[in-house]
Every structure is written in structure tokens, then in C-alpha cells.
1. To the nearest whole percent, what portion of all C-alpha pairs in segment 8-80 is separated by more than 14 angstrom?
2. Sticking to Cα atoms, compute the Rg of segment 61-143 to one decimal and its Dmax as the biggest Cα-Cα distance, whole number, in Å.
3. Straight distance only, please: which lysines reach the Cα of LYS121 with their own Cα at less than 20 Å, same-chain residues fewer than 8 apart left out?
4. Using amide H atoms built in the peptide plane, which far-off residues or other-chain residues are under 5 Å from PHE180 H to H?
5. If I model a spin label at LEU52 and GLN159 as a point 7 Å from the Cα along the Cα→Cβ vector, what separation in nanometres do I get?
6. Full extension from GLU176 to ASP188: what is 0.36 nm times the residue separation minus their Cα-Cα distance, to one decimal in nm?
7. Order by neighbour count: MET137, MET61, fewest other Cβ atoms within 10 Å first, most last.
8. Which residue, PHE34, VAL88, GLN187, has the largest displacement toward the positive end of the dipole of segment 5-203 when charges sit on each Cβ (Lys, Arg +1; Asp, Glu -1)?
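Coordinate-derived values only; no laboratory data. Computed from a prediction, not measured in an experiment: that's the story for all the values here. Positions of Cβ are backbone-derived with ideal geometry, glycine not excepted, and every protein chain shown enters the neighbour counts.
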Amino acid sequence: MRGRFITIEGVEGVGKSTNIAFIQSILDGNGIPFLATREPGGTELGEGIRKLLLDKRQRGMTAVTELLLLFAARAQHVEQVIKPALAVGQWVICDRFTDSSYAYQGGGRELPIELITSLEKLAINDFRPDCTFILDMPVETGLSRAENIGEKDRFESEQTEFFNRVREVFITRAKEDKRFHIVDAAQDLEQVQAEIRDVLIPLMDGH
């Protein structure tokens with residue numbers, strides 16, 4: 001039986017890492033094999049591209065270059081890691097995926113959505129997650145939480161307006177497809193994880 005592909009999205013500081021660990025613990029507790037991965041990254045090539053993308057010295061990188069690099073890493077990731085894992089029945093839990101490109105490069109960088117759509121088709125065709133959690137909270141709250149994490153990378157150094165545009169795209173996309181589940185990440189962690197669990201349990205039927 002094919003595994004499920006679960007992605008976790010959101011702006012900075014919403015608690016993706018904490019809740020990815022929670023999802024892993026649920027799968028582990030139910031004896032479901034899984035692979036945890038991330039974007040950009042997930043392969044040797046992808047991790048090299050990630051370093052470039054996050055490097056603050058690359059401030060001159062154009063928005064289109066950024067988008068092309070992300071989809072190059074994604075194409076490799078899907079073919080080399082994600083599809084093979086799903087094919088043998090593993091679930092794949094991914095920290096960010098294509099929805100981040102629509103949000104960060106479409107919303108944040110204000111690139112045309114049609115450009116992102118055409119690149120998506122070229123790089124991964126119609127490959128989509130089975131379920132996407134969008135951890136949502138006011139941008140200012142997320143950024144203040146992220147302040148404690150350490151030195152900011154090239155994306156984290158953006159202004160509040162950038163992240164507000166990112167958040168708007170996430171919310172808009174969530175209204176267009178049933179695979180999305182918006183979770184209010186400003187709630188108590190216990191409530192956040194109860195909502196995640198309620199979505200995951202039905203997906204595990206038959207596994």
C-alpha cells in the first residue's frame with residue numbers, strides 16, 4: 001500500500017519542528033514506517049542548494065533565480081527520495097513543499113503565480129501532498145518567537161510586510177483544496193496537537 005505524503009507549512013516561528021516531531025510520534029506509536037525530510041533539501045544536491053538559498057551573502061540573488069533553484073532541488077527530492085519512499089509504503093513527512101514556493105516567491109517576492117504553476121508542472125507535474133497542515137499565527141507573533149532561535153538566514157531577515165504577504169497566500173490556498181488544514185498555532189500546544197491528531201487518525205485507516 002502506498003504511503004501518505006504529509007507536508008507542514010507556515011511562516012517563521014509557528015512551531016513546525018515541534019509539530020513534525022509530534023506527527024512522527026503518532027506514526028511511530030501506530031507502527032507506521034515514515035521518512036522525515038525537508039525543503040529545500042532532502043538530497044545531497046538539495047542540501048547544497050539549501051545552503052545557497054539561505055546564505056545571507058547571496059543578497060543579490062534574483063527572485064526568479066531563487067524560484068528556479070527551489071524547483072531544481074524539489075525535482076531531485078521528489079524523484080530520488082519522496083516517490084521511492086511512498087512506493088514501498090513509507091509515509092513521508094516534509095517540512096515545506098510546493099505551497100511554500102507559492103507563498104514565499106509568489107506572495108513574498110510577488111512573482112506571477114502563472115510562472116510558479118508552469119515551473120511546478122515542469123519539475124514535478126501533478127505531484128501533490130495527501131495532506132498539508134498550515135500552522136498559522138499573526139506574523140508579528142511568529143517573528144518574535146523566531147527571534148530566540150539564533151542567527152537569521154536570508155529569508156528570516158525579510159521585513160514583516162514580506163511575511164504578511166506569505167501568510168495571505170497560505171490562507172488563500174487553504175480555501176481552494178480539501179487537502180489543507182489550517183491550525184491556529186497561537187493556541188496552547190496541547191490544542192494545536194489535538195487538532196493535528198484529529199486529522200491524522202482518519203488518514204491512518206488501513207495502515
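1. 68 percent
2. In Å, with Rg to one decimal and Dmax whole: 14.0, 41.
3. Straight-distance partners of LYS121: LYS83.
4. Residues meeting the criterion, in which the H sits 1.01 Å from N, are THR132.
5. 2.8 nm
6. 1.6 nm
7. MET61, MET137
8. VAL88
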